[in-house]
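Working notes, beginning with the structure itself.
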Amino acid sequence: MNTPDSINTESKNLLNIISKNWENLDESNKSLLTKIWKVLTYKWQLQILFNLPFLLWWALDKSFPKVHEFDATILNYLNLPDWALSFIGFGQ
């Protein structure tokens, strides 16, 4: 059973723990960790930049339903067999 003396009233929030550990570091360690963090965030920015065209395509796909009507029109012109349409997702 927990007693008031056994309960730690200090917050165990992750941000509080990180900020407390950050304050306890010396300046050389802080600068090293800051440089590592900048390299990591640069890589994330590069990944977002590479994925941006696909994100834009997805956003346009979700916002303009006429794109799907155009796709259906093209499929009708191609005159594909039913088994091929089922692979694309237009099967009955």
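Okay, here's what the table says:
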item: Dipole axis of the range 14-88 (+1 Lys, Arg; -1 Asp, Glu on Cβ), positive-most option in 37, 54, 86; result: 37
item: Computed Kirkwood radius, in angstrom, where 1/r is averaged over Cα pairs of the range 14-88; result: 17.5 Å
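Coordinate-derived values only; no laboratory data. None of these values were measured; they are calculated from a predicted model. Cβ: placed from backbone, ideal geometry, glycine included. Neighbour counts: every protein chain shown.
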